[in-house]
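Working notes, beginning with the structure itself.
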Amino acid sequence: MNVRHSFPLGLAIAVATPLFAQQDAPSNAELARRIDLLSENIDPLSHESPTDKFSFGGYGEVTYRNFDDETDGGAPSGMTDELDLHRVVMYFGYEFDDTWSFNSEIEYEHSDELSVEFAQIDGRFTDAFNFRGGHLLIPVGFVNQMHEPTTFWSARRPLVERFIIPTTWHENGFGTFGQASDFEWQAYLVNGMDAAGFDPSISGLSGGRQGGGKAAAEDFAFTGRLDWRGVEGLLVGASVYQGNSGQGSTVSDFGTSVIDFHAQYDRGPLRLRFLYADASIDDASLLDTPSASDDLIGWYIEGGYDVLANSDSGQSLTPFIRFENFDLLDATSASTDVDVLVFGVAWQPNHNITFKLNYQDQSTDADTTVDTLEFTLGWSF
Amino acid sequence: MKTLLFALVYLALSGPGKTFHSQEEALVLAFGKAEVQRTPHYWTKVERTALGELAGTKKVGGTHAKFQAKTKQGKVVAGRSVWFDTRMVRSKPQTIMLIIDAEQRVEKLVVCSFDEPLDYKPVARWYEQFEGRQLNDELQLKKGIHGVSGATLTSRATTAAVREVLAAHATAHPVVIKKATARKK
């Protein structure tokens, strides 16, 4: 028998051992009652069935977006309201033994686009030093690695974490992760992005993601993250991505970098979040879809307060507000930055389900943006 | 190169990463080399209901086991006890050991095993916030216990575990509760 797996069973046996050894012999009825109680503990722990090695989970979100008929400048927006099964993600894991395990997430996006978000082998050796390899989530920002709809309040992810940090960003590679004292860290070598897909002035870095399938691997990248949790409720950290995206291009190596600084304060009903992200693509003017700027920059600050935290309802109701600013053409002299004000409320009847309603007010000097009312029903298990 | 080779060999030979302390090892952390007395508690319906009300949930175990040190003469050392709790985080269990002092406070929380991916395991400092806590309204997430981003399910499971163990301890020692209540007044 695997001794380490048998820990909970051992605990149940430890409870059971004195069952017949007490000085005052219990009656048969009392013994029967005790056995019933013990069986509650033992049943789920004692059967080493093959399914014990599997784990399942998932999350998903359906989003309604109602666009203003006009842009901020009064021109027709031309946008069509939509109700979208944005994503359904199934999590699947398998334990080979106490050290090695497999974890994965398969995503259906808009009900017809299939992708693997991650499919990785973890080797657990010590708290401080472990192995991870396969198809990995890039460890930058808040949302890329932790994006279940119950973990953020807005109906959609922050725009800074969609354009500057192109969530959901996943590539093939391997590396190490761990925690020691108040620090957590990750460091991976992954295939680089592919500059052929970049259209930075429109979609930020997102077009350069390869997503794992037959990824070009002429160029590689390093990505890492360091977080500090030295004060109760406070998380302060930084992450970096650095590598070439040319993938054999004769025009340029298209060196690509992303750096972010992030902080979160989570105390009682209050949560505050700040993120700053700075990305660059060398020789962006030489891309297939050229950009006038090598640099992209953005930041946001967000706060929310759970007004039901002091109730015993088990629910949460969190009014929140977020201000974002980003510029996909930061290196140009033109005023091209976008301000985004998002405010709304997130209600969770339990910790698995969330209903999120918010208004997103975007503004630019050119008054070309369209404001949106958004609603999301999300789940996670 | 030698250092790297040494590190790889060390990792290959080091113990599996999911169990940090067996039950025996954890009890040594609590009581040293002293002999240990195991006392099972088989709750009656009334006790179990009371325990659930204290813990703040209807889903509490029907049995709990308490561990106490014994003197060389075989007498149980009263006042300080150890309890274990095993429960699911997402789809895999975490086992913690709690040392409860004579004032019904958490003296120490030790994570014995953690079967979920390590991404869900909070840093040690997060677990330390339970030390010194008693069973009261503040012992809840978003009240006296702060959450941890990236490990929400673990923080919920751990908080529920600590509440249930303290409730079991209080149910097993109702006289101590009366004394503590009287002292407060």
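Quick rundown of the values:
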item	result
Residue selected from segment B:62-81 under the condition touching a Leu at 6+ places or on another chain (Cβ under 8 Å) and more than 17 Å from B:Pro174 (Cα to Cα), by the criterion modelled with the highest pLDDT	B:Phe67
Which listed residue is more than 30 Å from B:Lys18 (Cα to Cα) and in contact with an Asp or Glu (Cβ under 9 Å, 6 or more places away or on another chain), from A:Glu82, A:Glu113	A:Glu113
Residue within segment A:311-334 that is more than 20 Å from the chain's Cα centre (by Cα), among the small types (Gly, Ala, Ser) and closer than 30 Å to A:Thr250 by Cβ present	yes
Hits in segment A:363-381 (condition: in a strand (DSSP E or B) and closer than 20 Å to A:Glu302 by Cβ)	A:Ser363, A:Thr372, A:Leu373, A:Glu374, A:Phe375, A:Thr376, A:Gly378, A:Ser380
Selected residue (criterion: farthest from the other protein chains (Cβ to nearest Cβ)) from residues of segment B:135-148 that are in contact with a Leu (Cβ under 7 Å, 6 or more places away or on another chain) and touching a residue at least 12 places away in the same chain (Cβ under 8 Å)	B:Leu135
Any pair with Cβ under 7 angstrom, 6 or more apart, that starts in segment A:334-363 at a residue that is on the phi > 0 side of the Ramachandran plot and assigned by TED's automatic domain parsing to the domain that holds A:Pro149 and ends at one that is loosely packed, with under 14 Cβ neighbours inside 10 Å and modelled with pLDDT of 95 or more	none
Selection from segment A:347-362 of residues that are part of a strand (DSSP E or B) and more than 15 Å from A:Pro158 (Cα to Cα)	A:Trp347, A:Gln348, A:Pro349, A:Asn350, A:Ile353, A:Thr354, A:Phe355
Search result, residues across segment B:146-156 that are surrounded by fewer than 21 Cβ atoms within 10 Å (Cβ to Cβ) and closer than 29 Å to B:His173 by Cα	B:His146, B:Arg156
Residue list for segment A:253-264, filter: more than 9 Å from chain B (Cβ to nearest Cβ) and either under 21 Å from the mean Cα position of the chain (by Cα) or open to solvent by 30 Å² or more (accessible area, probe 1.4 Å) (or both)	A:Asp253, A:Ser257, A:Val258, A:Ile259, A:Asp260, A:Phe261, A:His262, A:Ala263
Answer from B:Ala78, B:Ala172, B:Ala161, B:Ala168 - the residue that is of a type in the set (Gly, Ala, Ser), surrounded by fewer than 21 Cβ atoms within 10 Å (Cβ to Cβ) and touching a residue at least 60 places away in the same chain (Cβ under 8 Å)	B:Ala172
Leading residue by the ranking (farthest from B:Gly32 (Cα to Cα)) among those in segment B:60-80 that are within 11 Å of chain A (Cβ to nearest Cβ) and under 16 Å from the mean Cα position of the chain (by Cα)	B:Val60
Residue pairs meeting the criteria (Cβ under 6 Å; at least 6 apart or on separate chains; first over 30 Å from A:Leu234 (Cβ atoms) and assigned by TED's automatic domain parsing to the domain that holds A:Gly224, in segment A:248-264; second open to solvent by 10 Å² or more (accessible area, probe 1.4 Å) and not in a loop (DSSP other than H, G, I, E, B))	A:Val251/A:Leu286; A:Ser252/A:Leu286; A:Asp253/A:Asn244; A:Gly255/A:Asn244
Qualifying residue in segment A:207-224 (condition: assigned to a strand (DSSP E or B) and open to solvent by 40 Å² or more (accessible area, probe 1.4 Å))	yes
Residue ID - nearest to the other protein chains (Cβ to nearest Cβ), chosen from residues in segment A:118-143 that are more than 25 Å from A:Arg271 (Cα to Cα) and hydrophobic (A, V, I, L, M, F, W, C)	A:Phe125
Residue under evaluation B:Glu107, criteria (1) in a strand (DSSP E or B); (2) under 30 Å from A:Asp182 (Cβ atoms); (3) open to solvent by 10 Å² or more (accessible area, probe 1.4 Å); (4) within 10 Å of chain A (Cβ to nearest Cβ), criterion not met	(4)
In segment A:290-313, the residues that are of a type in the set (S, T, N, Q) and either modelled with pLDDT of 95 or more or touching a helix residue (DSSP H, G or I) at 6+ places or on another chain (Cβ under 6 Å) (or both)	A:Ser291
Candidates B:Thr57, B:Thr49, filtered to the one that is within 12 Å of chain A (Cβ to nearest Cβ), within 30 Å of A:Pro26 (Cβ to Cβ) and of a type in the set (Val, Ile, Thr)	B:Thr57
Test: B:Ala161 is assigned to a helix (DSSP H, G or I) and modelled with pLDDT under 90	no
Residue within segment A:297-313 that is away from chain B (no Cβ under 14 Å), in contact (Cβ under 8 Å) with a residue 60 or more places away in the chain and either among the acidic types (Asp, Glu) or open to solvent by 20 Å² or more (accessible area, probe 1.4 Å) (or both) present	yes
Per-region count, segment A:56-83, residues charged (D, E, K, R), in a strand (DSSP E or B) and open to solvent by 50 Å² or more (accessible area, probe 1.4 Å)	2
Pairs with Cβ under 9 Å, 6+ apart, first in segment B:114-130 and open to solvent by 30 Å² or more (accessible area, probe 1.4 Å), second of a type in the set (A, V, I, L, M)	B:Asp119/A:Met146; B:Asp119/B:Ala151; B:Tyr120/B:Val89; B:Tyr120/B:Ala151; B:Tyr120/B:Leu153; B:Ala124/B:Val111; B:Arg125/A:Val231; B:Glu128/B:Leu109
Count of segment A:269-286 residues which are open to solvent by 10 Å² or more (accessible area, probe 1.4 Å) and in contact (Cβ under 8 Å) with a residue 12 or more places away in the chain	12
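To keep it simple, each residue is scored yes or no on (1) farther than 30 Å from B:Arg156 by Cβ; (2) open to solvent by 60 Å² or more (accessible area, probe 1.4 Å).
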site: A:Arg322; (1), (2): no, no
site: A:Leu329; (1), (2): yes, no
site: A:Ser335; (1), (2): yes, yes
site: A:Asp339; (1), (2): yes, no
site: A:Val342; (1), (2): no, no
site: A:Ala346; (1), (2): no, no
site: A:Thr364; (1), (2): yes, no
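The values are calculated or read from the model by the stated rules, or taken from the named source; none is laboratory data. As the structure is a computational prediction, the values presented were derived from the model and not from experiment. FYI the Cβ positions are ideal-geometry reconstructions off the backbone, even for glycines, and counts take in every protein chain you see. Ligands, DNA and RNA are excluded from the accessible area calculation, which covers all protein heavy atoms including side chains. Shrake-Rupley method; radii C 1.70, N 1.55, O 1.52, S 1.80 Å.
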